[in-house]
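What follows is a set of notes on a single structure, which appears directly below.
Just so it is clear, none of the values below were taken in a lab; they were calculated from the coordinates. What you are looking at is a predicted structure, and each value in this text was computed from that prediction instead of being measured. We place every Cβ from the backbone using ideal geometry, glycine too, and count neighbours over all the protein chains shown.
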Amino acid sequence: MTPWRLVACLLAAAPPLTAQGGFARLAGRVPPPALTAIDSILVAAHREGLPTEPLIEKAFEGGAKGVAPDKIVLAVSTSASQLRSARALLREAGESQPTDPAEVIAVAAALGRGLSPELVGQLTAVLPGEPTGPALHAVAAALAHVTRLLPNVPPPPRPAPAAVSRARRVQPGPERP
């Protein structure tokens, strides 16, 4: 084996820099008592194939705001759980292996904005193989607006036909029947 092939094989086998350098990136920006716990969450998320950048950003946000270390750890852990739920919803909607981190992040953000898993799953299923981020954002914004206007009306348990047809119009791609 040539030296270049050996180097290429070693680089291919190495974990991504976010998993390797999570601790180093957090040091100085997150309170020291939170570092070990957050790093273990990052390592676990990386092993599960979840995007780690939103978790690092959540830790940075807590550190910048001066939040207590235990609350930062809880926020990062909650974000990791939302990413797991998002990936599970994508798989239930027909994505065998959701590999696009942006898609997982968009679904997690929708869940974090208060959309129900059922609603997110139905919208994702309506748009198979297409990015659902813009549609989820539009539905979350519409529901937030309606909730502000009509605070005593609970959100619908499933997408209304108008929301589904709007989601279809928002998404680029081939025309749908």
(message) Testing the spin-label approximation: label points 7 Å from Cα along Cα→Cβ at A102 and S116. State their distance in nm.
(response) 3.0 nm
(message) Modelling each spin label as a point 7 Å along the Cα-to-Cβ direction, I'd like the F23/V146 distance in nm, to one decimal.
(response) 4.9 nm
(message) When only alpha-carbon atoms are used, what values of Rg and Dmax, in angstrom, describe the stretch 104-155?
(response) 11.1, 36
(request) Just add up the charged neighbours of A64: K/R +1, D/E -1, any other residue whose Cβ is under 14 Å from the Cβ of A64. (result) +3
